Amino acid sequence: MSGVTNPTEEFFKDGGWGWDGTRWRKDNLKWGYNDRWAEDLSGVSGGGGFYLATTAAVPAGQVYVANFIYIRNNTALRGAAVTWFNAGGVAYYNAWIAGLAAFVPLIWNGAVVLKATDTLSVYMAATVLNDVMQAGVMGYKMLVT
């Protein structure tokens, strides 16, 4: 561990370094909280027979962690409900149910990491014109720049 207090050594340059038991190495990304992520995906269904809402894409320089997603129909019993993540152009389905009574939500709890351009979507089948939908996501944001 020689040079630990010498600012000319490489491990003082460009950020955090840590001792791994054998030598100093550049630390990995610090996993931390920057801000809350709460996005409302609620709306009123059109006449197309389904409701679909998608979050804004994660911006460059940030990582989002989704911890809670829900969708419910506040009008009537309808068809299947689904939530999924769109990561790198691939859909990863994480929650679904064949049907929900009015005011009963489909809820997903967990943790999934989304990076730049990734999105999250909620869907309910068999909706009718003017069904009142309530949906959203809650989690947190991290800066990675």
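Coordinate-derived values only; no laboratory data. Everything numeric in this text was worked out from a predicted model, so none of it was measured. In this analysis, Cβ positions are derived from the backbone assuming ideal geometry, glycine residues included, and neighbour counts consider all displayed protein chains.
What percent does the relative contact order of the chain come to when contacts are Cα pairs within less than 8 Å and at least six residues apart? Don't jump to the answer; show the numbers that get you there.
Working: 358 pairs, mean separation 52.8, N = 145.
This gives 36 percent for the chain.
Counting only the Cα atoms, the chain fills a convex hull of 125 Å³ per residue.
DSSP loop (so not H, G, I, E, B), at most 13 other Cβ within 10 Å: list which trypsin sites (Lys or Arg not before Pro) in segment 13-107 pass both filters.
Answer in residue order: Lys13, Arg23, Lys30.
Exposure proxy shown here: for Met133, Met124, the number of other Cβ atoms within 10 Å sets the order, fewest to most, as Met133, Met124.
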